[in-house]
Amino acid sequence: MQTNERTKAQKDLVETIGRIYENKGLGAITGRISGLLTVMDKEQFTFDEIVEELKISKSSASNALRVLEARNQVEYSTLLGDRKRYFHIRRQDKFALINEHQTMLRKTRDLFHEMLELKADKKSPNAIFLKDAENLLTVFLDRFDELKAEFMNKQ
């Protein structure tokens, strides 16, 4: 793939990531900044470069960066004698994302269990749905640790 084609594909993917974040309620600009810092060949950008590259306002960039920093997705570094902040994706343990999803699924399973416990008729269609969903989530959760161990053994 030529450099121009790759850059165009990267920018298209940045926009796609923005839409995904927006659908999750985190804001398109937040997603676009995350995408920019993750997808592009250049792996760190100054605040002004982010504003220029994404054609967004400074306040929008500032707000989105605050959200990403609060979520531990983005961090910045500085250079001696340079007042600029260089933003980049926070590089985490390879299992951080999986662990986050595992925690979310555990909370969802526990919520389903709590709802099921409050049902008077455990054989109602909603109760059956909740029990099935709880059981399915338990299977996934049981496999997470097995899959992580399997992954580590293949390294």
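The values are calculated or read from the model by the stated rules, or taken from the named source; none is laboratory data. Here the structure is a predicted model, which means the values were calculated and not measured. Quick reminder, even Gly has a Cβ in these numbers, built from the backbone with ideal geometry, and neighbours come from all protein chains shown.
R32 versus (1) out of contact with any Gly (no Cβ under 6 Å at 6 or more places or on another chain); (2) modelled with pLDDT of 95 or more; (3) assigned to a helix (DSSP H, G or I); (4) surrounded by 14 or more Cβ atoms within 10 Å (Cβ to Cβ): which is the lone unmet condition?
Of everything listed in (1) out of contact with any Gly (no Cβ under 6 Å at 6 or more places or on another chain); (2) modelled with pLDDT of 95 or more; (3) assigned to a helix (DSSP H, G or I); (4) surrounded by 14 or more Cβ atoms within 10 Å (Cβ to Cβ), R32 misses just condition (1).
For the range 117-142, enumerate the residues that are under 19 Å from M104 (Cβ atoms), hydrophobic (A, V, I, L, M, F, W, C) and surrounded by 12 or more Cβ atoms within 10 Å (Cβ to Cβ).
Result: L130, A133, L136, L137, F140, L141.
Only one of (1) in the same structural domain as D41 (by TED's automatic domain parsing); (2) surrounded by fewer than 11 Cβ atoms within 10 Å (Cβ to Cβ); (3) aliphatic (A, V, I, L, M) is not met by V67, so which one is it?
(2)
For the range 39-154, list the helices (runs of 4 or more DSSP H) that sit wholly inside it and hold at least 2 residues that are modelled with pLDDT of 95 or more, more than 27 Å from T16 (Cβ to Cβ) and not aliphatic (A, V, I, L, M); which are they? Even if it seems obvious, please write down each step before you answer.
Values: elements: 47-54, 58-70, 96-117, 125-154.
Helices (runs of 4 or more DSSP H) meeting the threshold: 96-117, 125-154.
Run down D132, D48 and say which single residue is over 30 Å from E5 (Cα atoms) and either in contact with a strand residue (DSSP E or B) (Cβ under 6 Å, 6 or more places away or on another chain) or not basic (K, R) (or both). Spell out how you get there, then give the answer.
Values: D48 fails: over 30 Å from E5 (Cα atoms).
Sole residue among the options that is over 30 Å from E5 (Cα atoms) and either in contact with a strand residue (DSSP E or B) (Cβ under 6 Å, 6 or more places away or on another chain) or not basic (K, R) (or both): D132.
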